[in-house]
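Novice: The structure is given below, and queries will be raised subsequently.
The values are calculated or read from the model by the stated rules, or taken from the named source; none is laboratory data. Quick caveat: nothing in here was measured; it's all calculated off a predicted structure. Here the Cβ positions follow ideal geometry from the backbone for every residue, glycine too, while neighbour counts run over all protein chains shown. Please note that ligands, DNA and RNA were not included when accessible areas were found on the heavy atoms of the full protein model with its side chains. Shrake-Rupley method; radii C 1.70, N 1.55, O 1.52, S 1.80 Å.
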Amino acid sequence: VEVEVAEEGAPDRTVWSPSEVRESVPGGRFKACVNGDEDFIEEFGLEDEGREWRKVEDQASAKKAYAAAHALAKRKAAAEKAAEKAAAEAAARTAAAGADKGEGKAERKGESKGEGGPKPKKRKVTASGGAPRPPPGVVVSHRYAFGMAVEVAGEDEGFERSWYSGEVLKAAAKVTVRYDALFEEDSDAKRPLTETLEPGRLRPLPPKAQEGWLRKAKAGLPLELKHDGGWWQVEFVSVADGGDAETATQLLVRGAGELWGGAEILADVSSLRPGWHFNAASQSWGSRGAAAAAPPKKSRSGSKSRRSGARPDKGAA
């Protein structure tokens, strides 16, 4: 098959890329490796044929195209890995050089002008025999892929402490996202806004709140309020009618920090969700500012995507 993906260097345009069907999943769906990239596994369905994927009549040519794309993806992955390793080694050398330079200055400061000349100071080393170096473990942020549904942390004036959802159009060193409910200013057609962002500003879509999540709500509990197309960070104040938070239909909340001047807001419970925090290191979810049970880690291929679908015969395209 061929799958529609964002064109490299032009995320607003799409192209058909050779892909290989890898497995079928319940509901008449299938998973495919897109453009030979083993980290780019997506689900599709028959209802998406012609829009998200299409069959290829010339299977021999399709297999050749996929093999070439797969080889290119492997070379790119190897180059990225080598670049990351080189950057880590350069950082280690810089840190070590800085430590050595500091020791050298200390030695010169303590030199004496005796007849025997300056007395060298013995260097301090670790068990490895050299100066301390950065630890080898590097936390890798969550990996995003084309078509994945995400939320973006607001940083612009007026958008602080907000999360707006969107769809990934391109994922590399930076991630290009098209928003669901943010638009280009002065756009007559309400054209959705597209931005290229640092991965640290993104998170996957949060999980659904567990049943009874407000059962033990106390003042200050982090929450998020659905407002103006986004989710905004607020804190629980009290139950509007003085009853129980779990059965209440409305709660009093207050904007987190300086949001909305700290004014209290009467909010419907249906417009509230937990104040989520995503831990990229453990790939888990918790409560903002407090520990919470986290759902199991999700692999990239299992992350929620805007793409859905069912299965053709297994094969390359």
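Novice: Sort all Cα-Cα distances of the range 173-293 into consecutive 5 angstrom bins from zero, then give the percent of pairs in each bin up to the one containing the longest distance.
Specialist: With a bin width of 5 Å, the distribution comes to 2, 10, 18, 19, 17, 15, 10, 6, 3, 0.
Novice: Send over a whole-number figure in Å² for the accessible area per residue of the range 181-224, probe 1.4 Å.
Specialist: 69
Novice: Grab the beta carbon distance between D156 and E246, set R0 = 30 Å, and tell me the FRET efficiency rounded to 0.05.
Specialist: Plugging the Cβ-Cβ distance into 1/(1 + (r/R0)^6) gives 0.25.
Novice: Further question: Residues with amide H under 5 Å of E42's amide H, sequence separation 5 or more or different chain, H placed in the peptide plane at 1.01 Å from N; which?
Specialist: A32, V34
Novice: Moving to a separate point now. List every residue whose amide H lies under 5 Å from the amide H of E224, counting only residues 5 or more places away in sequence or on a different chain, with H placed 1.01 Å from N in the peptide plane.
Specialist: Hits under the 5 Å cutoff: V234, R273, G275.
Novice: Okay, next question. Taking the Cα centre of each part, how many Å lie between the range 198-230 and the range 39-99?
Specialist: 33
Novice: Run the simple label-point estimate for E38 and K122 please: 7 Å along Cα→C-beta, distance reported in nm.
Specialist: So the label points at E38 and K122 sit 4.9 nm apart.
Novice: Pairs K174/K208; K74/K190; K170/K218; K170/K208: which are spaced more than 32 Å apart, C-alpha to C-alpha?
Specialist: As for pairs spanning more than 32 Å Cα to Cα, those are K74/K190; K170/K218.
Novice: So, with +1 on the Cβ of K and R and -1 on the Cβ of D and E, and no other charges, what is the size of the charge dipole of the range 3-84 about its Cα centre, to the nearest 20 debye?
Specialist: Once rounded to the nearest 20, the dipole reads 380 debye.
Novice: Something else about it: Using packing as a proxy for protection, rank 55-68, 19-32 so that the peptide with the highest average count of other Cβ atoms within 10 Å comes first.
Specialist: 19-32, 55-68
Novice: I'd like the FRET efficiency for E198 and T14, computed as 1/(1 + (r/R0)^6) with the beta carbon distance as r and R0 of 25 Å, rounded to 0.05.
Specialist: 0.55
Novice: Calculate one ³J(HN,Hα) per residue across the range 278-285 by plugging θ = phi - 60° into the Karplus curve 6.51 cos²θ - 1.76 cosθ + 1.60, and present them in order as whole Hz with x for glycine and proline.
Specialist: The phi angles translate into 9, 8, 5, 5, 9, 6, 9, 10 Hz.
Novice: Using 7 Å Cα-to-Cβ label points, what is the K55/A90 separation (nm, one decimal)?
Specialist: In this crude spin-label approximation the distance works out to 5.0 nm.
Novice: Using a ≥ b ≥ c from the Cα gyration tensor of the range 23-97 (square roots of the eigenvalues), is it rounded, prolate or oblate, where a/c under 1.5 gives rounded and otherwise the larger of a/b and b/c decides, a/b for prolate?
Specialist: prolate
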